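Visitor: This structure is in structure tokens; I'll ask about it shortly.
The values are calculated or read from the model by the stated rules, or taken from the named source; none is laboratory data. Note that the coordinates shown come from a computational prediction; the quantities given were computed from them, not determined experimentally. Cβ sites come from the backbone with ideal geometry, for glycine too, and all protein chains shown count toward neighbours.
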Amino acid sequence: MIIKEEFLSKLRTYFSLNLYEVKIWTALLSRGVSTAGELSDIANVPRSRSYDVLESLEKKGFVVMKFGKPIKYLAIPPTDVVERVKKHMRTEADRKIKRLEELRNTEILNELKALHSQGVELVEPTDLSGSLKGRHNLYNHLDMMIKNAENSVTIMTTSQGLVRKIEGLKPTLEKIKKKGVKIRIAAPITKDTKDAIRDIAEVAEVRHTDNKARFCIIDGKELMFMVLDDKEVHPTYDVGIWVNTPFFASALENLFDQHWQGMKPANEVIKKMN
């Protein structure tokens, strides 16, 4: 049985399986019913490992063991496997979330906080910085920064970035808005951004700019800026620089304030498009 490595790699990613598991599983799918020995030969997996692999696949809901001699294995239809894997992932995620929630009421978290507080006191200001690679990591860090905002959040982004941020960060922006945090967003307003702007209208003030920049300033103290044009970089290779520097962050925010006064409100720009 010849199956492309690329296909096996995708299966490993989607179903969280190791290489032997995807080889045995696809071999069984191609046969419907088979013994461990036959699957070992077809999939080119050591026979000593095939039984362990099949036992693992059975626990995960990919195969069913048929009683008899010799023991045979039956492949579960792929559509049913997808539903089983989804259910298992939800259950596992709920279990892990519950465990983390329980951590709130333990001394462990207090000890961790104390360690962090002591560590921060020893950190030089120049060390409160770092680079992040990959848009997923960038947005996770942005979300954390915004959650901790006390006074203001200032964002400058692209049209595509505006849509992404409203989709991904809206719940967090809504929470800090209720705390009285001022939220301003500057971005090029296009027809593609109209729905997103309406969605965020009660949470943030959005204005139009033709300038190209991607950054976020929190309370005039903390800053993240992206170094690449999001039109020209794959999300996996997007890069951001995070710095905790009131000196630079406040200076950049002052420059933003000067340009903000001359920016047209998003609603005015959208009306002209209609």
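Visitor: Can you pull out every residue in the range 230-274 that is more than 22 Å from LYS182 (Cα to Cα), without any contact (Cβ under 8 Å) to a residue 60 or more places away in the chain and surrounded by fewer than 14 Cβ atoms within 10 Å (Cβ to Cβ)?
Guide: The answer is GLU232, HIS234, LYS271, LYS272, ASN274.
Visitor: Among the strands (runs of 3 or more DSSP E) contained in the range 1-102, which hold 1 or more residues that are among the aromatic types (Phe, Trp, Tyr) and touching a residue at least 40 places away in the same chain (Cβ under 8 Å)? If you could, list the steps in order and put the result at the bottom.
Guide: Values: elements: 33-35, 63-66, 72-75.
So the answer is 72-75.
Visitor: Let me ask something additional. If you scan the range 168-180, which residues turn out to be assigned to a helix (DSSP H, G or I) and over 18 Å from GLY240 (Cβ atoms)?
Guide: Taking the range 168-180 as the starting set, the residues that turn out to be assigned to a helix (DSSP H, G or I) are 168-178.
Once the filter is applied, which keeps residues that are assigned to a helix (DSSP H, G or I) and over 18 Å from GLY240 (Cβ atoms), the range 168-180 yields LYS170, PRO171, LEU173, GLU174, LYS175, ILE176, LYS177, LYS178.
Visitor: Residues of the range 120-137 being assigned to a helix (DSSP H, G or I) and modelled with pLDDT under 80, which ones? Even if it seems obvious, please write down each step before you answer.
Guide: Within the range 120-137, the first condition is being assigned to a helix (DSSP H, G or I), and the residues that meet it are 120-122, 125-127, 135-137.
Once the filter is applied, which keeps residues that are assigned to a helix (DSSP H, G or I) and modelled with pLDDT under 80, the range 120-137 yields VAL120, GLU121, LEU122, PRO125, THR126, ASP127.
Visitor: Count, please, the residues in the range 72-112 that happen to be out of contact with any strand residue (DSSP E or B) (no Cβ under 8 Å at 6 or more places or on another chain) and closer than 30 Å to ALA36 by Cβ.
Guide: Our first condition is that a residue be out of contact with any strand residue (DSSP E or B) (no Cβ under 8 Å at 6 or more places or on another chain); within the range 72-112, this holds for 77-112.
This time we only want the ones that are closer than 30 Å to ALA36 by Cβ, so: 77-89, 91-92.
Summing the residues that are out of contact with any strand residue (DSSP E or B) (no Cβ under 8 Å at 6 or more places or on another chain) and closer than 30 Å to ALA36 by Cβ in the range 72-112 gives 15.
Visitor: Determine whether the range 164-187 contains at least one residue that is of a type in the set (D, E, K, R), loosely packed, with under 15 Cβ neighbours inside 10 Å, touching a residue at least 60 places away in the same chain (Cβ under 8 Å) and within 20 Å of ASP257 (Cα to Cα). Walk me through how you get there before you give the answer.
Guide: Filtering the range 164-187 for residues of a type in the set (D, E, K, R) gives 164-165, 167, 170, 174-175, 177-179, 182, 184.
Retained after the next criterion (residues that are loosely packed, with under 15 Cβ neighbours inside 10 Å): 167, 174-175, 178-179, 182.
If we keep only those that are touching a residue at least 60 places away in the same chain (Cβ under 8 Å) as well, we get none.
Among the residues of the range 164-187, not one is of a type in the set (D, E, K, R), loosely packed, with under 15 Cβ neighbours inside 10 Å, touching a residue at least 60 places away in the same chain (Cβ under 8 Å) and within 20 Å of ASP257 (Cα to Cα), which makes the answer no.
Visitor: Next up: Does LYS212 satisfy being surrounded by fewer than 16 Cβ atoms within 10 Å (Cβ to Cβ) and not in a strand (DSSP E or B)?
Guide: Working: surrounded by fewer than 16 Cβ atoms within 10 Å (Cβ to Cβ): yes; not in a strand (DSSP E or B): yes.
Yes: the conditions hold for LYS212.
Visitor: For the structure I just gave you, tell me whether THR13 is closer than 21 Å to LYS86 by Cα and surrounded by fewer than 17 Cβ atoms within 10 Å (Cβ to Cβ). First the steps, then the outcome.
Guide: Values: closer than 21 Å to LYS86 by Cα: yes; surrounded by fewer than 17 Cβ atoms within 10 Å (Cβ to Cβ): yes.
It is true that THR13 is closer than 21 Å to LYS86 by Cα and surrounded by fewer than 17 Cβ atoms within 10 Å (Cβ to Cβ).
Visitor: Looking at (1) farther than 20 Å from VAL227 by Cα; (2) under 19 Å from the mean Cα position of the chain (by Cα); (3) at pLDDT below 90, can you tell me which one SER117 breaks?
Guide: For SER117, the exception is condition (2).
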